[in-house]
Amino acid sequence: MQKLNVINVLYFAHVREIVGIAQESIDVAPGALVSELLDALSSRYDGLGPLLERCRVALNGEFVGPEASLDGGGELVIIPPVSGGAGRQP
């Protein structure tokens, strides 16, 4: 029997509004990829899929792509796009 990896998923801003929680722990199978976890989250939370396509993902403090392995567990942060800034100077 293979040991599952525990991923602590943190949600920010609009992602948090959609899922309704700030974080959760999810068990994933050995060899699971970031893309597979994001697909599972899209299925679990209505309206999340289109937003995830524009989000950045960090695993254990490093930005990663969808092909990154979740082996070893850790912390996955989903960072939605942000807008705004200093605006126009007078």
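The values are calculated or read from the model by the stated rules, or taken from the named source; none is laboratory data. Since we're looking at a predicted model, the values are computed, not measured. Methodologically, a virtual Cβ is constructed for each residue, glycine included, from the backbone with ideal geometry; neighbour enumeration extends over all protein chains shown.
Consider Asp27 carefully, then state whether it is surrounded by 12 or more Cβ atoms within 10 Å (Cβ to Cβ), among the charged types (D, E, K, R) and either assigned to a loop (DSSP other than H, G, I, E, B) or modelled with pLDDT of 95 or more (or both). Please lay out each step first, then the result.
Numbers: surrounded by 12 or more Cβ atoms within 10 Å (Cβ to Cβ): no; among the charged types (D, E, K, R): yes; either assigned to a loop (DSSP other than H, G, I, E, B) or modelled with pLDDT of 95 or more (or both): yes.
Judged against the criteria, Asp27 is not a match.
Do the conditions hold for Leu48, that is, is it modelled with pLDDT of 95 or more, under 17 Å from Arg16 (Cβ atoms) and in contact with a Ser or Thr (Cβ under 8 Å, 6 or more places away or on another chain)? Please lay out each step first, then the result.
On the way: modelled with pLDDT of 95 or more: yes; under 17 Å from Arg16 (Cβ atoms): yes; in contact with a Ser or Thr (Cβ under 8 Å, 6 or more places away or on another chain): yes.
Yes, satisfied.
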Qualifying positions in region 14-33 - in contact with a strand residue (DSSP E or B) (Cβ under 8 Å, 6 or more places away or on another chain) and touching a residue at least 40 places away in the same chain (Cβ under 8 Å): Val15, Val28, Pro30, Gly31
Only one of (1) assigned to a helix (DSSP H, G or I); (2) crowded, with 16+ Cβ neighbours inside 10 Å; (3) not aromatic (Phe, Trp, Tyr) fails for Val9. Which number is that? (1)
Going by the conditions given, is Ile21 aliphatic (A, V, I, L, M) and in a strand (DSSP E or B)? no
